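Asks: My questions all concern the structure below.
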Amino acid sequence: EIKDEVSPDFNGGSLQITTFSDNGSHSITGTVLVEGDLRISSIDEFPVNVSPSRYMLFTRHRDMPGIIGKLGSLLGANNVNIAAMQVGRKIVRGEAVMVLSIDDPIPDDLLSSILDVKGINQAHPITLWDLSLQKEVKNKSDFFWWKLEIDFLVELEESLFWKMRTLGIQSFSIE
C-alpha cells in the first residue's frame with residue numbers, strides 16, 4: 001500500500017527569489033504553512049501576509065492618507081472587486097507596498113488611471129495560474145509543496161518583475 005500524505009515532520013518553509021539588474025534588485029518571499037497554504041510574506045523586504053490569487057495588483061506608493069481609498073474607489077468605479085488587500089511598510093509615511101487580490105484582470109486603461117493617482121509610483125497587475133489546483137492537492141509530500149512553492153514564486157517573479165529582466169537583469173538568486 002502506498003499512502004501519499006503530508007509528512008508529520010513537515011514544518012512549513014519559505015523561499016526568497018531575488019533579481020538583480022543595473023536598476024537595482026527586487027525580491028519576493030513566499031511561505032508554505034504547515035497546512036500547505038501558500039503565502040506571500042514579503043516584497044522587497046516590505047512585510048505582507050497575502051494568499052496568492054488568480055488576479056492580483058501590486059503597487060509601490062508613498063504611505064500617506066487617501067491612497068488606499070482612492071485606489072479602492074477607482075477600482076470600484078471600474079467594476080473591479082477587491083477580494084483582499086494588504087499594505088506593507090517599513091516606516092510611517094515612507095514608501096509602502098500594497099497587494100490586492102481582485103476578481104478580474106486590470107484593463108490597460110484602468111492601469112493608466114491607477115498610475116495617475118498621486119503617490120502611486122508603480123502598479124503591476126499579475127495573473128497567476130489556476131490556484132484551485134492548490135486546494136485539490138492538499139495531501140502530498142514535502143517535495144511537492146516545495147516544488148509548488150518554487151513554481152508559484154517563479155511565476156510571480158516572472159509576472160511582477162518582467163520589466164526588470166527586459167532592462168538587463170544581471171543575476172538571479174533563490175534562497
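The values are calculated or read from the model by the stated rules, or taken from the named source; none is laboratory data. The structure displayed is predicted, hence computed values, not measured ones. Positions of Cβ are backbone-derived with ideal geometry, glycine not excepted, and every protein chain shown enters the neighbour counts. The protein model used for the area step is the full one, side chains on, heavy atoms only, and it has no ligands, DNA or RNA in it. Shrake-Rupley method; radii C 1.70, N 1.55, O 1.52, S 1.80 Å.
Asks: Could you give the length gained by full extension between H124 and A77, i.e. 0.36 nm per residue of separation minus their alpha carbon distance, to one decimal place? Can you show the working numbers first?
Replies: Working: separation 47, 0.36 × 47 = 16.92 nm, distance 1.90 nm.
Extra length from H124 to A77 when fully extended: 15.0 nm.
Asks: Provide, in order from the shortest bin, the percent of all Cα-Cα pairs of the stretch 76-132 in each 5 Å bin, continuing until the bin that contains the maximum pair distance.
Replies: Taking every Cα pair in the stretch 76-132, the percentages come to 4, 14, 25, 27, 17, 10, 4, 0.
Asks: To the nearest 0.05, what FRET efficiency results for D104 and D22 with a Förster distance of 30 Å applied to their C-beta separation?
Replies: Values: r = 35 Å, r/R0 = 1.16.
Computed FRET efficiency for D104 and D22 comes out at 0.30.
Asks: A further question follows. Could you order D37, D116 so the one with the most accessible surface comes first? Probe is 1.4 Å. Kindly include the intermediate steps, with their values, before the conclusion.
Replies: On the way: D37 45, D116 125 Å².
Solvent-accessible surface, decreasing: D116, D37.
Asks: Near K118, within a Cβ-to-Cβ distance under 11 Å, what is the net charge of the other residues, with Lys and Arg +1 and Asp and Glu -1? Mind dumping the intermediate values first?
Replies: On the way: positive: R62, K70; negative: D116.
Value of the local net charge: +1.
Asks: On the full set of protein chains, 1.4 Å probe, figure out the accessible area of K70 and give it in Å² to the nearest 10.
Replies: 100
Asks: Tell me, what % of the accessible area of the stretch 19-129 is carbon and sulfur with a 1.4 angstrom probe? Present the calculation step by step, with values, prior to reporting the outcome.
Replies: Numbers: 2520 of 5280 Å².
Answer for the stretch 19-129: carbon and sulfur cover 48 percent of the accessible area.
Asks: If the chain between M85 and M64 were fully stretched, how many nm would it gain, using 0.36 nm times the residue separation less the Cα-Cα distance?
Replies: Values: separation 21, 0.36 × 21 = 7.56 nm, distance 1.64 nm.
The span from M85 to M64 would gain 5.9 nm if fully extended.
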